[in-house]
Amino acid sequence: MGAYIVRRLLWTPVLLFIIGLITFFLSLYGPGDPIQIIMQQYQDPAIVQRVREQRGLDKPVLVQYGIYIKNALRGDFGESFKFRGQTVSSLIGRRLWVSAQLGLASLVVSLILGIPFGLLAAQRQGRWQDTSIISGSLFFYSMPVFITAPFLLMVFVLWLKILPSHGWGGLFDARIIMPALILGLPGTAFIARMTRNSTVEVLSQDYVRTARSKGLSEFRVFWYHVLRNAMIPVFTVVGLGLATLVSGAIITETYFGIPGIGRLTLDAFFARDYPIITALTLLIAGAYVVANLIVDIGYRFLDPRIKFE
Amino acid sequence: MRAKTILVSLLALMVLVAGCGGGGGAPQAAAGEFVRLWNDPSTLDPHLTGDTASAEIVVEVYGGLVTLDTDLEVVPDLAERWTISADRKTYTFTLRRNAKFHSGKAVTANDVKWSLERAADPKTESTTVDTYMGDIVGVKDKLIGKASEISGVKVIDERTIEITIDAPKSYFLAKLTYPTAFVLDRENVQSGPEWFKKPNGTGPFKLKEYKPGELIVLERFADYHLGAAKLNSVRFFLAGGNPMVMYENNEIDTIGVGLADLPRIQDPKSPLNKELNVAAPGFQTSYLAMNVTRPPFDDPKVRQALAYAVDKEEIASKVLANRVKAATTILPPGFPGFNPDQKGIGFDPQKAKQLLAESKYGANMANFPRITLTAPGALGSAVGLDLEAMLAMWRENLGIQIEVQQVEFATFLGDVDARRLQMWELGWVADYPDPQNFLDILFHSKSVNNQTGYSNPEVDQLLEQARTEADEAKRLDLYRQAEDLIIKDAPWILTWHEAERYRLIKPKVKNSQYLLLPLVVPKYRLLSLEE
């Protein structure tokens with residue numbers, strides 16, 4: 001398995017290089033000129049040309065990409081086009097950390113609520129608990145943030161007056177409660193349904209009947225034989241969900257005044273802020289590569305039958 | 001300055017509320033923190049500032065030789081006085097003895113010279129320097145790397161600096177109030193690439209805390225030369241939030257009121273009703289521009305016909321709920337040179353039909369050139385309702401079917417500048433309070449910002465004459481004549497000026513009228529809080 005992991009890790013830079021190149025090409029040949037955006041109304045063609053040359057944007061694309069990679073390897077992802085004078089690293093760094101914490105909190109909400117409800121529904125299959133959990137989860141799953149966010153604000157801020165309406169104070173600050181709930185509830189619904197379905201499937205397997213007929217307690221059957229197998233698909237979803245931690249949540253972040261990466265991403269795309277776009281793309285791609293690797297390795301522990309070549 | 005739409009265009013011209021008020025009375029102890037939402041500024045470097053979000057902060061932290069007061073008159077800031085030579089081309093400024101940086105260091109003539117040269121250094125990549133400082137002799141040579149100094153800027157002694165411009169332009173001082181010409185501390189700027197996160201300015205406030213995308217906290221500078229702030233600090237939240245909830249929950253002290261909340265607050269029974277204020281509209285004009293070099297707009301009669309065929313009053317009141325005023329002039333109401341007697345091109349469908357018939361395309365409507373109107377839009381936003389209404393009016397009154405294409409803003413700007421478009425929707429917001437900022441920049445045939453290709457020798461001559469006319473009344477009259485001609489030639493269909501805006505302000509905020517000005521101004525030092 002060690003060789004497998006090493007091989008996967010060695011491929012990662014190659015993959016990121018190719019993804020970076022594609023992003024670079026797309027942003028250069030797509031419509032819209034970042035210099036035009038920097039210049040706003042001050043459109044003297046001579047200045048546009050001057051700034052273009054100073055930024056190295058008149059060089060061939062491959063040369064530009066080469067310079068970019070060279071600097072990136074030293075940790076220098078360049079300077080933002082829109083946020084003049086600020087480095088990409090300083091713009092992304094703190095925001096990324098904020099979004100990651102928020103994402104983690106919402107993932108925890110999804111898991112803590114989703115798995116127990118899913119298991120309960122599976123155990124009470126076909127009874128009222130099952131029906132209400134599944135229909136309830138559908139309700140939360142289909143509820144857009146435009147409805148949940150104002151509703152929570154109205155209740156907790158304006159009526160009960162127990163929470164501030166906006167801002168950020170980290171994982172252990174009351175202000176994370178509302179956004180984490182809003183981001184976590186749709187996930188809860190998804191995980192509950194998935195847990196229920198895979199548990200129901202496992203419960204009907206022969207080895208479960210065997211375990212029961214051996215006279216094992218229902219507790220042992222459930223914890224040692226059912227749960228572990230039922231969790232494999234859930235684990236896949238959650239594992240890949242880790243990658244989304246770095247991409248932020250634009251609407252929720254904006255609604256609750258959270259200085260995360262979502263808003264920056266949106267602004268960067270509209271401002272053709274190539275340095276930020278490219279860095280974010282590499283970051284998100286990198287996160288997916290890592291998340292995939294974690295999931296693959298995790299399988300090995302959950303199901304010893306899975307072998308790596 | 002361009003504006004995509006009225007909603008987007010809250011903005012831009014700088015007016016310092018300095019110099020007014022004058023003083024007397026025992027100094028009050030500074031107290032309290034004023035808190036508001038603000039947009040994440042794209043820069044805090046004055047020489048790179050070109051947008052309102054940045055300017056609002058920059059004008060509080062830094063200053064220049066001169067500034068503008070609430071009446072849009074140029075008043076002294078770091079300079080205590082100046083003299084103008086007989087040929088009106090050389091300005092000699094004397095610096096204040098008590099003008100100092102936040103570090104306590106006195107501001108000298110060398111600081112001014114270094115700052116102006118830094119703004120004009122090609123390495124600085126200032127996008128505004130050509131516009132605001134291009135009149136100074138030698139700035140252009142410095143910009144293209146031909147000179148290491150600006151030949152028109154001379155240090156006479158520690159407290160005296162002389163600036164020479166290329167022609168006797170009376171709007172020069174107004175331009176000098178823009179952040180591009182602000183004075184920076186050389187040591188501070190050379191301390192590292194992100195020096196502006198710990199700036200050493202000369203403004204009424206120090207930058208106490210700056211977390212990009214999250215928060216800015218300004219703290220009063222006790223030694224400010226025009227009178228220290230009454231507030232202790234000002235806090236700007238940059239990450240967004242739900243403004244109405246934040247205001248009602250006492251998390252912020254002021255918000256702009258949108259259409260959705262307005263009826264509820266205008267109800268006298270609402271507890272918020274007493275906190276509602278009316279703010280002056282910004283200096284802004286929206287228009288539909290036509291490329292006059294392309295058919296069918298190469299015939300002025302076609303342009304006039306389109307203008308006569310729309311009922312702007314009707315659209316303003318019925319479609320846009322009076323959020324805008326129908327524009328009859330290029331210069332917005334209240335702006336220097338605004339002509340209240342100019343009635344513009346009104347709604348007259350008969351005249352529109354007649355003009356179209358008289359035009360060179362009118363004889364054979366079947367072969368009338370196709371017209372495509374380009375509007376900026378992002379995220380698949382809908383075409384503005386006002387535009388929809390105008391399209392219907394042209395169809396109904398003239399039988400002309402105009403196609404609309406939507407282009408994302410970044411692409412749109414490039415197309416407009418390259419004159420690739422036939423007809424487009426855009427707006428202009430004042431940068432400095434002088435008609436030159438609208439008329440000369442947008443309609444002189446040689447201006448780089450003349451996107452319609454409009455060229456009228458008579459207008460050019462009036463605009464050139466106005467540039468150097470010493471008599472203010474005569475100068476405004478020249479602009480008035482030029483504006484009349486342009487309106488008649490109709491390279492633009494004038495659409496809207498901004499109407500009054502609404503703002504909620506907590507009753508504890510005193511001197512809150514300074515939050516209602518139409519311009520970005522350093523105003524926070526004049527506010528105070530009463531608990």
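The values are calculated or read from the model by the stated rules, or taken from the named source; none is laboratory data. All figures in this text were calculated on a predicted structure; none of them were measured in a lab. Backbone-built Cβ (ideal geometry, glycine too); neighbour counts: all protein chains shown. Keep in mind that these areas ignore ligands, DNA and RNA; they rest on the heavy atoms of the full protein, side chains included. Shrake-Rupley method; radii C 1.70, N 1.55, O 1.52, S 1.80 Å.
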Problem set entry | From the options B:Lys142, B:Lys123, residue that is within 14 Å of chain A (Cβ to nearest Cβ) and open to solvent by less than 30 Å² (accessible area, probe 1.4 Å) | B:Lys142
Seminar exercise, completed: Among B:Arg323, B:Arg303, the single one that is within 28 Å of the chain's Cα centre (by Cα) and open to solvent by 30 Å² or more (accessible area, probe 1.4 Å) is B:Arg323
Exercise. If you go through region B:470-512 one residue at a time, how many are of a type in the set (A, V, I, L, M, F, W, C) and assigned to a strand (DSSP E or B)?
Worked result: 7
Exercise. Got at least one residue in region B:202-215 being under 25 Å from the mean Cα position of the chain (by Cα) and over 28 Å from B:Glu530 (Cα atoms)?
Worked result: yes
For this session: State the number of residues belonging to region B:93-112 that are touching a residue at least 12 places away in the same chain (Cβ under 8 Å) and open to solvent by 40 Å² or more (accessible area, probe 1.4 Å).
Result: 8
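Yes/no matrix, rows are residues, columns are (1) modelled with pLDDT of 90 or more; (2) within 23 Å of A:Ser106 (Cβ to Cβ); (3) touching a strand residue (DSSP E or B) at 6+ places or on another chain (Cβ under 9 Å):
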{"site": "A:Ile176", "(1), (2), (3)": "yes, yes, no"}
{"site": "A:Ala180", "(1), (2), (3)": "yes, yes, no"}
{"site": "A:Leu185", "(1), (2), (3)": "no, yes, no"}
{"site": "A:Thr195", "(1), (2), (3)": "yes, yes, no"}
{"site": "A:Ser198", "(1), (2), (3)": "yes, yes, no"}
{"site": "A:Gln205", "(1), (2), (3)": "no, no, no"}
{"site": "A:Arg212", "(1), (2), (3)": "no, no, no"}
{"site": "A:Leu216", "(1), (2), (3)": "no, no, no"}
Problem set entry | Residues that are within 21 Å of A:Pro304 (Cα to Cα) and loosely packed, with under 12 Cβ neighbours inside 10 Å, drawn from region A:198-217 | A:Ser204, A:Asp206
For this session: Collect the residues in region B:197-209 that are open to solvent by less than 30 Å² (accessible area, probe 1.4 Å) and not polar (S, T, N, Q), keeping them in residue-number order.
Result: B:Pro199, B:Gly201, B:Gly203, B:Pro204, B:Phe205, B:Leu207
For this session: With respect to A:Thr195, determine if the residue is within 20 Å of A:Leu102 (Cα to Cα) and not hydrophobic (A, V, I, L, M, F, W, C).
Result: no
Exercise. Is it fair to say A:Ala192 is assigned to a helix (DSSP H, G or I) and more than 12 Å from every other protein chain (Cβ to nearest Cβ)?
Worked result: yes
Exercise. For region A:218-232, how many residues meet the condition of being open to solvent by less than 60 Å² (accessible area, probe 1.4 Å) and either more than 11 Å from A:Leu119 (Cβ to Cβ) or touching an Asp or Glu at 6+ places or on another chain (Cβ under 8 Å) (or both)?
Worked result: 5
For this session: Could you run through region B:83-92 and say how many residues are out of contact with any Pro (no Cβ under 8 Å at 6 or more places or on another chain), in contact (Cβ under 8 Å) with a residue 24 or more places away in the chain and surrounded by fewer than 20 Cβ atoms within 10 Å (Cβ to Cβ)?
Result: 2
Problem set entry | Qualifying position, being touching an Asp or Glu at 6+ places or on another chain (Cβ under 7 Å), among the aromatic types (Phe, Trp, Tyr) and more than 17 Å from B:Lys523 (Cβ to Cβ), among B:Tyr171, B:Tyr247 | B:Tyr171
Problem set entry | Unique match (being of a type in the set (A, V, I, L, M, F, W, C), over 24 Å from B:Tyr502 (Cβ atoms) and open to solvent by 30 Å² or more (accessible area, probe 1.4 Å)) among B:Phe347, B:Phe338, B:Phe297 | B:Phe347
Exercise. Could you list, in sequence order, the residues of region A:263-272 that are more than 10 Å from chain B (Cβ to nearest Cβ) and either of a type outside the set (A, V, I, L, M) or open to solvent by 30 Å² or more (accessible area, probe 1.4 Å) (or both)?
Worked result: A:Thr265
For this session: Return yes when B:Ser115 is of a type in the set (S, T, N, Q) and crowded, with 24+ Cβ neighbours inside 10 Å and no when it is not.
Result: yes
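Given B:Ser148, B:Ser170, B:Ser115, which one is closer than 28 Å to B:Asp471 by Cα and more than 13 Å from chain A (Cβ to nearest Cβ)?
Result of the check over B:Ser148, B:Ser170, B:Ser115: B:Ser170.
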Exercise. Could we say that B:Gly241 is over 30 Å from B:Asn456 (Cβ atoms), of a type outside the set (Lys, Arg), open to solvent by 10 Å² or more (accessible area, probe 1.4 Å) and within 14 Å of chain A (Cβ to nearest Cβ) here?
Worked result: yes
Exercise. Does B:Glu248 fit the bill of being away from chain A (no Cβ under 14 Å) and charged (D, E, K, R)?
Worked result: no
Problem set entry | Any pair with Cβ under 8 angstrom, 6 or more apart, that starts in region A:128-151 at a residue that is open to solvent by 60 Å² or more (accessible area, probe 1.4 Å) and ends at one that is part of a helix (DSSP H, G or I) and β-branched (Val, Ile, Thr) | A:Phe140/A:Thr188; A:Phe146/A:Ile251
For this session: Specify which of the listed residues (B:Asp121, B:Asp135) is over 25 Å from B:Arg467 (Cβ atoms), assigned by TED's automatic domain parsing to the domain that holds B:Ala147 and acidic (Asp, Glu).
Result: B:Asp121
For this session: Return the only residue of A:Val295, A:Val290 being β-branched (Val, Ile, Thr), open to solvent by 60 Å² or more (accessible area, probe 1.4 Å) and assigned to a helix (DSSP H, G or I).
Result: A:Val290
For this session: Give the residue that is modelled with the lowest pLDDT, with candidates limited to residues of region A:225-261 that are assigned to a loop (DSSP other than H, G, I, E, B) and within 14 Å of chain B (Cβ to nearest Cβ).
Result: A:Gly248
Problem set entry | Wholly within region B:234-309, helices (runs of 4 or more DSSP H) carrying at least 1 residues that are within 30 Å of B:Thr374 (Cα to Cα) and of a type outside the set (Lys, Arg) | B:300-308
For this session: Give the residue, chosen from B:Ala29, B:Ala18, that is outside the structural domain of B:Val324 (by TED's automatic domain parsing), at pLDDT 50 or above and out of contact with any helix residue (DSSP H, G or I) (no Cβ under 6 Å at 6 or more places or on another chain).
Result: B:Ala29
For this session: Determine if region B:185-196 includes at least one residue that is away from every other protein chain (no Cβ under 14 Å), at pLDDT below 95 and buried (at least 20 other Cβ atoms within 10 Å of the Cβ).
Result: no
